[in-house]
Every structure is written in C-alpha cells, then in structure tokens.
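*Asks:* Here it is, the structure in full.
Where a number appears in this text, it was derived from the coordinates with a stated rule and is not lab data. Here the structure is a predicted model, which is why all the values come from computation and not from measurement. In this analysis, Cβ positions are derived from the backbone assuming ideal geometry, glycine residues included, and neighbour counts consider all displayed protein chains.
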Amino acid sequence: MSENRLPLIVEPQDLAALLPDDALLLVTVCQGRSWLSYRVPDSLLIEPGELVSGITPAVGKLPDEERLSAVFSRIGLAPDRHVVAIDDEGGGWAGRLLWTLEVLGHRRYSYLNGGLLAWTGGGLPLASGRQEAQAQRFTARIDRSPIADMQQVLAQLDDPDSIVWDARSAEEYTGAIITARRNGHIPGAVNLDWLELIDRDNHFRLKPLKELRERLLELGMGPGKKIITHCQTHHRSGLAWIVGRALGLEIRAYDGSWSEWGNTADTPVET
C-alpha cells in the first residue's frame, strides 16, 4: 500500500475493499469482552484505559513513554504501517488513539467513519475470539506540540486568536451537572457537544464535513484560530480533534480536561 493511500476519514465499504492488507494496522479501542465478541476482521485491541494515565484527579492525561512503548510494541506499530482507528461508540476513543499517534509522531492514520457501528450496519464481515498480534519493539517519544497543558490554556484566555472548544454536554458546560469539585466551564470557551458531530441516524458516522465546518464557523472556530479542545478526560474531545484535523484547523487537545481544571483550587471558572 502506498503512503497515505487512505484519507483521514475512511468509509467502511472502502476499507472492506482493501482487506486483507498487511500494510494496514487495524486497531479497535473498546473493552476486551466486546472485542472478543465481534470486531472488524484482523483488528487488534487497545483498551481505553491503556490510552490514559488513570492518575487522579486528571485521569485522562497521557501515559508516560514507558507505558506507551509497551502498548504500541504489543500491537506491532511500525513506521511503515497505516493505522485505522475503530471504536464501538461513535469516535471518541478512536480519536483519542489518533491524537496519541500524532503525539508520538506517527502520522499514517485514518478513522473508520462510524466505527464498528457503521461496519455492522453495512452488513460487513465480522470476526470473534482471540487474535494474537505480531509484536514489534516500539519506542515512544512524546512530542508535546499537539498537547495543551493547563498553563497554556490559562495563557490563552486573553488571546483573541485562541479559542477553547468544550466538547462536553450543555449541562456540564453550565455547571448543572457535578463532575468535579468546581463546575462550569473555562472562561470564554464555546460549547459544542461531541454528540452534535455525529449522525445517529446514519450508524453514528460523522455529519457531512461541510455542515460541521459551517457550525464551527458560527461558533468562531475557523481558519486562523488556535483551537484547544477538551471534555472531562479528553475522550469525547478525541472526536472533536478528528473533526478539527479533517477541516484543516489548527487544533490541540487539553488532556487534563475538566477533571484537572475543575479540581484545581485557583483556576477561573464560569457558569
């Protein structure tokens, strides 16, 4: 397979037409029991907990290089393999995987539009049971340019060229739902729930990019803006990050997200 033959967002039928292909590394991010029950054939498993540090309160922060090296060595990640990210919930965990690959400097990747929900909805073949990966040593090196930390989010509060995309629900954004010691949103952040990116009547595929571009422009997120996206743990905002990349926007992710911001005593909060 030639380099970057697949687009960033690949449709199930288009992927199915290419399989099997040893140059592709299909990875499903879901719970192990679900992966054992049914999955895209030849797809390997990364469980959601392997992509986050799990350290409270900011449980969604990136794991360290040692842990990431172990995860990606196990599945056989190599520079010449094109990763296709799949999940079973509409794109959040798949987006988290692709963002992680971006952090590691591996930019041969695609998102299976709609993931396993669209794959099964299209009547495409499924596999079940265990499948062993061909492990290969991978040494993780973290590039922090796709990451925004708390100090960088604080520093952009008065920057008119920067904007925070809060991908949580409206109730979380206003503070009506309690998810941390302090609740509400980062001052100046705009709220676009990740679920508004998804067409639930079309097997959880993304809405048309033209429609999403117009919606983001309405909220002030267009070319020339430096966007930082977050949710509670940078899981749901994984899909927001994919959309930003697909639209050619300058976008980073705040992996500390609200679990860090809302549990820090002196961060500014609006309700």
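*Asks:* First select every other residue whose beta carbon is under 11 angstrom from the beta carbon of D161; then total the charges, Lys and Arg +1, Asp and Glu -1.
*Replies:* Working: positive: K225, K226; negative: D158, D159, E250.
Summing Lys/Arg as +1 and Asp/Glu as -1 gives -1.
*Asks:* Separate question: Starting from the Cα of S53, step 7 Å toward the Cβ, then list every residue of segment 136-151 with an amide N under 19 Å from that point.
*Replies:* It comes to 140-151, nothing else.
*Asks:* Please give the length that would be gained between Q13 and I142 if that part of the chain were fully extended, namely 0.36 nm times their separation in residues minus their C-alpha to C-alpha distance (nm, one decimal).
*Replies:* Values: separation 129, 0.36 × 129 = 46.44 nm, distance 3.37 nm.
Extra length available between Q13 and I142 comes to 43.1 nm.
*Asks:* Can you give the charge dipole size of the chain about its Cα centre, rounded to the nearest 20 debye, using +1 on the beta carbon of Lys and Arg and -1 on the beta carbon of Asp and Glu?
*Replies:* Details: 28 positive and 37 negative charges, 77 e Å.
The dipole of the chain has a size of about 360 debye.
*Asks:* Here is a further query. Given G175, A189, A240, which one lies farthest toward the positive end of the charge dipole of segment 150-261, if we put +1 on the Cβ of every Lys and Arg and -1 on the Cβ of every Asp and Glu?
*Replies:* A240
*Asks:* Another question about this same structure. Using only alpha carbon pairs under 8 Å that are at least six residues apart, calculate the relative contact order of the chain and give it in whole percent.
*Replies:* Details: 561 pairs, mean separation 61.0, N = 271.
With pairs under 8 Å counted, the relative contact order is 23 percent.
*Asks:* Another one. What distance in nm separates the two pseudo spin-label positions at K210 and D161, each 7 Å out from Cα along the beta-carbon direction?
*Replies:* 3.1
*Asks:* What's the magnitude of the charge dipole for segment 150-261 around its Cα centre, counting Lys and Arg as +1 and Asp and Glu as -1 at the beta-carbon? Answer in Debye, nearest 20.
*Replies:* Details: 14 positive and 16 negative charges, 49 e Å.
The calculated dipole for segment 150-261 is roughly 240 debye.
*Asks:* Have a look at T271, V29, G220 and report the one farthest towards the positive end of the charge dipole of the chain, computed about the Cα centre with Cβ charges (Lys/Arg +1, Asp/Glu -1).
*Replies:* Farthest towards the positive end: V29.
*Asks:* Charges on Cβ only, +1 for Lys and Arg, -1 for Asp and Glu, centred on the Cα centroid of segment 9-121; of A94, P41, G54, which one is farthest towards the dipole's positive end?
*Replies:* Working it through, the farthest residue towards the positive pole turns out to be G54.
*Asks:* Something else: How many nm is it between the label spots at D21 and R67, if each spot is 7 Å from the Cα in line with the beta carbon?
*Replies:* Calculated label separation equals 3.2 nm.
*Asks:* About the Cα centre, and with charges only on the beta carbon of Lys, Arg (+1) and Asp, Glu (-1), how big is the dipole of segment 9-121? Nearest 20 debye, please. Don't skip to the end; give the middle numbers.
*Replies:* Numbers: 9 positive and 15 negative charges, 36 e Å.
Dipole of segment 9-121, to the nearest 20 debye: 180 debye.
*Asks:* Arranged from highest to lowest average of other beta-carbon atoms within 10 Å per residue, in what order do the peptides 230-242, 62-74, 107-119 appear? Each step should come with its number before you reach the end.
*Replies:* Values: 230-242: 27.7, 62-74: 17.2, 107-119: 24.1.
Ranking the peptides 230-242, 62-74, 107-119 by packing returns 230-242, 107-119, 62-74.
*Asks:* Note down the nm distance, to one decimal, between modelled labels 7 Å out along Cα→Cβ at M150 and at T267.
*Replies:* According to this spin-label approximation, the distance is 0.6 nm.
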